[in-house]
Amino acid sequence: MSGRPILMFDSGVGGLTVLREARVLMPDRRFVYVADDAGFPYGRWEEPALRAHVVSLFGRLIAAHDPEIAVVACNTASTLALSELRAAFPMTPFVGTVPAIKPAAERTRSGLVSVLATPGTVKRQYTRDLIEKWAGRCHVRLVGSDRLAALAETYMRDGFVDEEAVRAEIAPCFVEMDGRRTDIVVLACTHYPFLANRMRKTAPWPVDWLDPAEAIARQALSLAGPRASGPARNGDEPDIAVFTSGRPDFLARRLMQGFGLTVADGA
Ligand code: DGL
């Protein structure tokens, strides 16, 4: 038997950056990856509508997959709906993904940090509260990108990335002030680590790009706890990918297969 799965959720392919770390730490677990492609991009939704959408979607996902834990591998959804999800589904432990502002504030030498996220995440009170609580001594620039999540989707599906667009989207992250320069950019959208190489290449100067995927995977491991003894999983129950549109195209299917996920039909 392979036990209850870990549900990994995002609006698209971004959560795969967390899945790959979670697999390293929990190779014996079964995963259900959910891409809410019908709702993508989350960055542009109004807050009340997105909150209601995510809570109702999780109602269906939990009923269908009975996960041991649920990882919301999406900053845009976590900063908005994590507390509502915990309240609505008290039997399911949730791991959220929120901007890594605390580690950035601890690590910066120049005191200039940028947070690169979707327009939704930069607007959130949750994000502002994190800055006030942990980064009071830093200068934090919030940069909301309209295009990067979609650029990452395209890149992962067909291998193409518009480097000039990446350059333009990340440019506002780079601040010079009183002889100091931004030295850390927080990747506060799970899609962005897929573009990290292009970001490094097009950045005006080198910075640390903070990707929280491993920390999220560790948090998931600590909530999932040690696995009960006995065979962890068998070959009959593969890790699956669920697309809320029910209509993933060939490229999306191929991408999921590349991550060892079988696309569930009619999901
Ligand atoms: N991957 C998501 C995040 O971490 C959001 C992408 C989107 O739907 O706009 O914020």
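Some notes on this structure:
- Breaking point among (1) away from the ligand (no atom under 12 Å from the Cβ); (2) in contact with a strand residue (DSSP E or B) (Cβ under 8 Å, 6 or more places away or on another chain), for ALA87: (2)
- Among the conditions (1) of a type in the set (Phe, Trp, Tyr); (2) surrounded by fewer than 21 Cβ atoms within 10 Å (Cβ to Cβ); (3) closer than 30 Å to CYS138 by Cα, TYR42 misses just one, which is (2).
- Residues located in the stretch 138-160, provided they are at pLDDT below 95 and open to solvent by less than 60 Å² (accessible area, probe 1.4 Å): ARG157, GLY159
- Each residue in the stretch 55-83 was checked for being more than 23 Å from ALA215 (Cα to Cα) and within 15 Å of the ligand (Cβ to nearest atom), and 1 pass.
The values are calculated or read from the model by the stated rules, or taken from the named source; none is laboratory data. Note that the coordinates shown come from a computational prediction; the quantities given were computed from them, not determined experimentally. Don't worry about glycine lacking a Cβ; one is built from the backbone with ideal geometry, like all the others, and counts go over all protein chains shown. SASA here: full protein model, heavy atoms, side chains in, ligands and nucleic acids out. Shrake-Rupley method; radii C 1.70, N 1.55, O 1.52, S 1.80 Å.
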